[in-house]
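These notes are about the structure you will find just below.
The values are calculated or read from the model by the stated rules, or taken from the named source; none is laboratory data. These numbers were taken from a predicted model, which means no experiment stands behind them. In this analysis, Cβ positions are derived from the backbone assuming ideal geometry, glycine residues included, and neighbour counts consider all displayed protein chains.
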2 protein chains.
Amino acid sequence: MSQPLLDQLKQLLGPNGYIDEPSRMEPYLVAWRGGWRGTSPLIALPSSTQQVSEIVKICSRERTAIVPQGGNSGTVGGCIPSMTGNQIVLGLSRMNKIRAIDATASAITAEAGVILQTLQEAAAEAGFLFPLSMASQGSAQIGGAVSTNAGGTAVLRYGNTRELVLGLEAVLPDGEIYSGLKSLRKDNMGYNLAQYFIGAEGTLGVVTAATLKLFPKPQQTLTAIAAVPDGEAALKLLADFRKECGEYISAFEIMSDQALTMVVKNIPNTRLPCSRASYYVLIELTAASTHAPLGTMFETVATAALQAGTMTDAVIAENISQARQFWYLRENISEAIRKEAAAIHFDIALPPAHIADFLLHMEKRIKAITPDILVAPFGHIGDGNLHYNMCFSNKPDNFSEIKQRIQDLVYGEVIQRNGSLSAEHGIGTERKAELNRYKPPHEIEIMRKIKQALDPKGIMNPGKIFD
Amino acid sequence: MSQPLLDQLKQLLGPNGYIDEPSRMEPYLVAWRGGWRGTSPLIALPSSTQQVSEIVKICSRERTAIVPQGGNSGTVGGCIPSMTGNQIVLGLSRMNKIRAIDATASAITAEAGVILQTLQEAAAEAGFLFPLSMASQGSAQIGGAVSTNAGGTAVLRYGNTRELVLGLEAVLPDGEIYSGLKSLRKDNMGYNLAQYFIGAEGTLGVVTAATLKLFPKPQQTLTAIAAVPDGEAALKLLADFRKECGEYISAFEIMSDQALTMVVKNIPNTRLPCSRASYYVLIELTAASTHAPLGTMFETVATAALQAGTMTDAVIAENISQARQFWYLRENISEAIRKEAAAIHFDIALPPAHIADFLLHMEKRIKAITPDILVAPFGHIGDGNLHYNMCFSNKPDNFSEIKQRIQDLVYGEVIQRNGSLSAEHGIGTERKAELNRYKPPHEIEIMRKIKQALDPKGIMNPGKIFD
């Protein structure tokens, strides 16, 4: 990269608008979960959409690649530059203003760098709920959530980030600003350009702000853990809750006994809150109305389920602190697994009709490859997304080979069952090989055509999703 | 168009697979509301996705334009061929199979030609609700609903068609089949190609099938009409209902007194069901649970609203037949207006914070142009979409000139308020001039780039949305 280009960017950004000391660049060059590392001559930290536009214009002129980065909480290396050293990192963290809350429209407009938790808090202060929730919400930024179409625990009720976006502002690969910040629920004036940036992982432009849907703040919450014999029972229970109080289910999370065993073993001050079973379901019902009979609704379903055997035990949290303990178990599964010697992660989605069968048979097939593995699935069974994770207490010598065999097995099975290899984490760098292997070539060809049309110079996050 | 091409298509389709007698072609060449007429040498009526693919491959080879057509219930001429006679109409009506209902996934897979009402009925038979509802549901087809991102009365609760689509099957402009029929709630494997076809009005490919979300069938319905003094009161009432029972609001429709006056005048067996006011709101609450206290919730809001003056009267339907009468009023407004001498239609959306002010001031400004006009707005105030329609009992001589002046006024105001000129009807041929005039040129340029990338020969519904 040319020195004049770097100088031009630095001058544009001002002394607080960039980082180029190697010692301070580390957090922008290494993925939080590890595994991905890159280099860059400059972390650009613009403070306005106008600055982003100017940076992109300069880089476009010089054909210099840009890697947009939010909170760097992704798991697939999507916001980490390559090792070539010729990519500029464009961090959005200084663009962290909430521009407006429109109570009449139930909408909030936030810049890309606003941290998810900050947005949730701002919405709550205004009397609303912003429902997007995930373990990384203390560092994840809105622009990143939009660019990866982030999911999380509330998708079964409120949808993915895509469904929460009313309008976007983005800087295109030629530096032009797309100003689509609208609070309209209906708008059919030609192609919906916002859809092109959502989930594109920064390869078609830089999302600089979003107008997002808000919902009435819940006045009532019921949190419970139910013990269930198997995946089929969990899904039957979900169907029963849907019929009785589908409008109020804000979380329906499955946790295998192995997953909770790992939490109790590796995370201090945790214990199993109900009697033991093969699986547990964390259920949350919330309602804006104080008149919604959540307790009656829960008991109606639970009584029938206990009788039918689709539920073997259930504990309703008696207070907020107990509810938090239930969530603490769920939120610490990843961490608990990480404390073991070696782990293999999957972020798959399956059509619901396949989930029970998959859970029932896949573990045996994995153990046939390596009997010592601990298979500890958990995830958002309410939306079909399983974090089908597993680990070893002692790392085997041939771990890489085993991992490859298990990946081939699991991915092959998921594709055969018409599922997704990346339900909510995206492709980034980590899942590129799988995308290339399992997606029909003409679908990747369409993606390439869109990329070529909108970013003919290939400067926007090149090498992510596809080469 | 060459005779060999037509012969090839006819041979492929078989004797029942096309229409070329002028007398039988009329329904495919004229828009149902009138106003648009085209010509074509052939209406192709394929019976399978494979046949659609072969038709498109042949037409692509010969650079012959294709106009996909569903139930021909659109209002903007989007599925009517041009007058040149060199465009093939591709009607999807024979592709009318419901391929699968997946109860576990709450999903239904239907071919493009399935009529919306048929789909609703199939869902209901399986114990589910398919929520997309609109006056044209007896003729509108699923492929058309997807291609126009259809809206209707249930958007405030269930979203537009875009939010109801889980996966699509489509034939691309080169004849390749995109097989994306999935029932996954989460799937982030690269760009989401389904989004490209939704709302593209057939300009990027032919939608041949869709997998759509189902919801639990309501076991309880409360239908009411409330009298309100103005738009501001209607919006305040909506906010109050959202807080009390937002999860259960499945319709919130505004009707001006002028609109209902027209219905009572022009549609037999209709009467105003409550005391007179400037506006009325049709409210529908539905719940899957029998435990949901809809009556208590309604009364809680209504009591406070009557006291606060945001509501001056309210009538709850006592039985299904009365509820149908309420809906009959709403559904006949368009028809009632059409019975007058001349009408001007708008399908606009406004940010909710602008609706009350717009309703308050626009009528005066329109009457300043022409005092005899009857302004009769109605629509989906719950999602910000107004059918801001008006008519004359006696058609003025300079109607075209007046219409143009009123369009300039209304569209200018809508754009200034960051609204939409086409909330749910799309652009087609009818709104092309407005799109071109009011959309920023670089947004249209992006649309053109996408069109060029996916349909380089320009054979898919050319001349619609943009030239």
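If you take the residues in the stretch A:186-223 that are over 24 Å from the mean Cα position of the chain (by Cα) and touching a residue at least 12 places away in the same chain (Cβ under 8 Å), which one is farthest from the other protein chains (Cβ to nearest Cβ)?
Filtering the stretch A:186-223 for residues over 24 Å from the mean Cα position of the chain (by Cα) gives A:186-191, A:219-220, A:222.
This time we only want the ones that are touching a residue at least 12 places away in the same chain (Cβ under 8 Å), so: A:219-220, A:222.
On the way: A:Gln219: 8, A:Gln220: 12, A:Leu222: 13 Å.
Once the filter is applied, the top-ranked residue is A:Leu222.
Would you check if B:Arg185 is surrounded by fewer than 24 Cβ atoms within 10 Å (Cβ to Cβ) and of a type outside the set (Phe, Trp, Tyr)? Working first, answer last.
On the way: surrounded by fewer than 24 Cβ atoms within 10 Å (Cβ to Cβ): no; of a type outside the set (Phe, Trp, Tyr): yes.
Answer is no for this residue.
Listed by position, the strands (runs of 3 or more DSSP E) contained in the stretch B:341-433 that have at least 3 residues being more than 14 Å from every other protein chain (Cβ to nearest Cβ) and touching a helix residue (DSSP H, G or I) at 6+ places or on another chain (Cβ under 6 Å) are B:342-344. Scan the stretch A:248-295 residue by residue and report those that are without any contact (Cβ under 8 Å) to a residue 40 or more places away in the chain, within 14 Å of chain B (Cβ to nearest Cβ) and in contact with a helix residue (DSSP H, G or I) (Cβ under 7 Å, 6 or more places away or on another chain). If the condition is that a residue be without any contact (Cβ under 8 Å) to a residue 40 or more places away in the chain, within 14 Å of chain B (Cβ to nearest Cβ) and in contact with a helix residue (DSSP H, G or I) (Cβ under 7 Å, 6 or more places away or on another chain), then A:His291 is the only one that fits. Residues in the stretch B:434-467 that are in a loop (DSSP other than H, G, I, E, B) and of a type in the set (Lys, Arg) were compared, and the one that is farthest from the other protein chains (Cβ to nearest Cβ) is B:Lys457. Taking first residues from the stretch B:88-107 that are more than 14 Å from chain A (Cβ to nearest Cβ) and partners that are of a type in the set (D, E, K, R), the Cβ contacts under 7 Å between residues at least 6 apart in sequence or on separate chains come to B:Met95/B:Glu111; B:Asn96/B:Glu111; B:Lys97/B:Glu111. Find the residue count for the stretch B:224-247, including only residues that are touching a strand residue (DSSP E or B) at 6+ places or on another chain (Cβ under 6 Å) and away from chain A (no Cβ under 14 Å). Of the residues in the stretch B:224-247, 5 are touching a strand residue (DSSP E or B) at 6+ places or on another chain (Cβ under 6 Å) and away from chain A (no Cβ under 14 Å). State whether the residues of the stretch A:212-228 include one that is of a type in the set (Gly, Ala, Ser), under 18 Å from A:Ala112 (Cβ atoms) and modelled with pLDDT of 95 or more. Scanning the stretch A:212-228, I find no residue that is of a type in the set (Gly, Ala, Ser), under 18 Å from A:Ala112 (Cβ atoms) and modelled with pLDDT of 95 or more, so the answer is no.
Okay, residues lined up against (1) surrounded by fewer than 20 Cβ atoms within 10 Å (Cβ to Cβ); (2) within 23 Å of B:Ile415 (Cβ to Cβ):
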{"position": "B:Arg324", "(1), (2)": "yes, no"}
{"position": "B:Leu329", "(1), (2)": "no, no"}
{"position": "B:Ala341", "(1), (2)": "yes, no"}
{"position": "B:Phe346", "(1), (2)": "no, yes"}
{"position": "B:Pro351", "(1), (2)": "no, yes"}
{"position": "B:Leu359", "(1), (2)": "no, yes"}
{"position": "B:Lys364", "(1), (2)": "yes, yes"}
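Taking first residues from the stretch B:60-85 that are farther than 21 Å from B:Asp455 by Cα and partners that are modelled with pLDDT under 95 and among the small types (Gly, Ala, Ser), the Cβ contacts under 6 Å between residues at least 6 apart in sequence or on separate chains come to B:Ser73/B:Ser136. In the stretch A:125-156, which residues are more than 9 Å from chain B (Cβ to nearest Cβ) and not in a loop (DSSP other than H, G, I, E, B)? A:Glu125, A:Phe128, A:Leu129, A:Gln141, A:Ile142, A:Gly143, A:Gly144, A:Ala145, A:Val146, A:Ser147 - these are the residues of the stretch A:125-156 that are more than 9 Å from chain B (Cβ to nearest Cβ) and not in a loop (DSSP other than H, G, I, E, B). With respect to (1) of a type outside the set (Val, Ile, Thr); (2) surrounded by 19 or more Cβ atoms within 10 Å (Cβ to Cβ); (3) within 23 Å of B:Ile333 (Cα to Cα), the lone exception for B:Ala135 is condition (2).
Residues satisfying the criterion are present in the stretch B:258-270 (criterion: farther than 25 Å from A:Tyr248 by Cβ and among the small types (Gly, Ala, Ser)). Condition check for B:Asp174 on (1) touching a strand residue (DSSP E or B) at 6+ places or on another chain (Cβ under 7 Å); (2) within 14 Å of chain A (Cβ to nearest Cβ); (3) farther than 30 Å from A:Ile381 by Cβ; (4) at pLDDT 95 or above: one failure, at (1).
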